[in-house]
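Enquirer: One structure, pasted below without further comment.
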Amino acid sequence: MPESELHSHMFVITGGPGVGKTTLIDALRARGEACIVEAGRAVILEQRGAAGTALPWADRDAYWRAMFEKDLAAYRTALATGRRAFFDRGLPDLVGYSALEGLSPPTFAMAEIERARYADLVFAAPPWRTIYAQDAERKQDWAEAVRTYDAVTQAYADRGYSLLELPRSSVEGRVRFILDAVA
């Protein structure tokens with residue numbers, strides 16, 4: 001199988017926080033699609049439960065490494081299954097996050113991110129103030145949410161991915177948009 005086909009079943013939904021990515025992933029899962037949850041939120045919940053410090057407001061480097069480990073494991077699992085899968089963020093999101101936060105990730109991790117490819121088409125959930133909301137894990141204000149969108153979409157563009165912006169529509173409309181695009 002050509003290299004480009006090895007990852008053609010793995011689709012990323014990226015964007016800033018609070019723009020409906022997780023809701024969209026949940027809706028895709030409800031339709032029977034394989035979906036991978038966002039590592040950042042999972043790390044925050046785990047760290048809070050363990051009184052850990054690998055949190056974006058405590059130790060950003062440790063937080064980055066924890067997300068990298070989760071994202072890489074999820075990537076490898078999805079690659080091995082060969083089943084179509086939708087990711088709530090992918091490894092290149094970590095490149096955008098590191099640029100946004102001024103972090104210097106380990107060289108081996110950055111090399112692994114460059115090697116780990118997803119389908120060439122990446123869905124970008126644009127900033128959408130109407131639905132934006134903060135919560136216990138999502139503490140970024142609106143301006144930081146927009147900067148995050150810019151940083152993560154740039155990370156994908158820099159790696160040669162084609163970004164397709166999701167419409168600002170209902171969850172069902174977005175699901176149809178994605179499924180039509182990958183059909």
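Enquirer: Within the range 83-100, identify whether any single residue is of a type in the set (A, V, I, L, M) and on the phi > 0 side of the Ramachandran plot, and answer yes or no.
Expert: No, there is no match, as no residue in the range 83-100 is of a type in the set (A, V, I, L, M) and on the phi > 0 side of the Ramachandran plot.
Enquirer: Just name the residue that is nearest to Leu91 (Cα to Cα) out of those in the range 162-183 that are in a loop (DSSP other than H, G, I, E, B) and in contact with a Pro (Cβ under 8 Å, 6 or more places away or on another chain).
Expert: Leu166
Enquirer: Applying the selection to the range 96-116, what residues are farther than 24 Å from Arg147 by Cα, surrounded by 15 or more Cβ atoms within 10 Å (Cβ to Cβ) and not aliphatic (A, V, I, L, M)? Let's see the steps before the verdict.
Expert: Filtering the range 96-116 down to residues farther than 24 Å from Arg147 by Cα leaves 107-108, 111-112, 115-116.
From what is left, the residues that are surrounded by 15 or more Cβ atoms within 10 Å (Cβ to Cβ) are 112, 116.
Listed by number, the list holds a single entry, Glu112.
Enquirer: Would you confirm whether or not the range 77-88 contains a residue that is within 18 Å of Thr14 (Cβ to Cβ), surrounded by 15 or more Cβ atoms within 10 Å (Cβ to Cβ), in contact (Cβ under 8 Å) with a residue 40 or more places away in the chain and of a type in the set (Asp, Glu)?
Expert: yes
Enquirer: Give the residue that is surrounded by the most Cβ atoms within 10 Å (Cβ to Cβ), with candidates limited to residues of the range 25-70 that are among the aromatic types (Phe, Trp, Tyr) and touching a residue at least 40 places away in the same chain (Cβ under 8 Å).
Expert: Among them, the one singled out is Trp64.
Enquirer: Here's another thing I want to ask about it. If you check Val122 against the conditions, is it touching a residue at least 60 places away in the same chain (Cβ under 8 Å), of a type in the set (A, V, I, L, M), under 25 Å from Leu164 (Cα atoms) and out of contact with any strand residue (DSSP E or B) (no Cβ under 8 Å at 6 or more places or on another chain)?
Expert: Numbers: touching a residue at least 60 places away in the same chain (Cβ under 8 Å): yes; of a type in the set (A, V, I, L, M): yes; under 25 Å from Leu164 (Cα atoms): yes; out of contact with any strand residue (DSSP E or B) (no Cβ under 8 Å at 6 or more places or on another chain): no.
When the stated conditions are applied, Val122 does not pass them.
Enquirer: Can you give me the ranges of the helices (runs of 4 or more DSSP H) entirely in the range 66-161 with at least 3 residues that are in contact with a Pro (Cβ under 7 Å, 6 or more places away or on another chain)?
Expert: Values: elements: 91-101, 107-115, 142-158.
Answer list for the range 66-161: 142-158.
Enquirer: Can you give me the number of residues within the range 82-113 that are of a type outside the set (Phe, Trp, Tyr), closer than 27 Å to Leu28 by Cα and at pLDDT 95 or above? First the steps, then the outcome.
Expert: Residues of the range 82-113 of a type outside the set (Phe, Trp, Tyr): 82-85, 88-96, 98-107, 109-113.
Retained after the next criterion (residues that are closer than 27 Å to Leu28 by Cα): 82-85, 88-96, 113.
Then drop every residue that is not at pLDDT 95 or above, which leaves 83-85, 88-96, 113.
Of the residues in the range 82-113, 13 are of a type outside the set (Phe, Trp, Tyr), closer than 27 Å to Leu28 by Cα and at pLDDT 95 or above.
The values are calculated or read from the model by the stated rules, or taken from the named source; none is laboratory data. Quantities reported herein were computed from a predicted structural model and do not represent experimental measurements. When we count neighbours, we look across all protein chains shown, and the Cβ atoms used for this are built from the backbone with ideal geometry, even at glycine.
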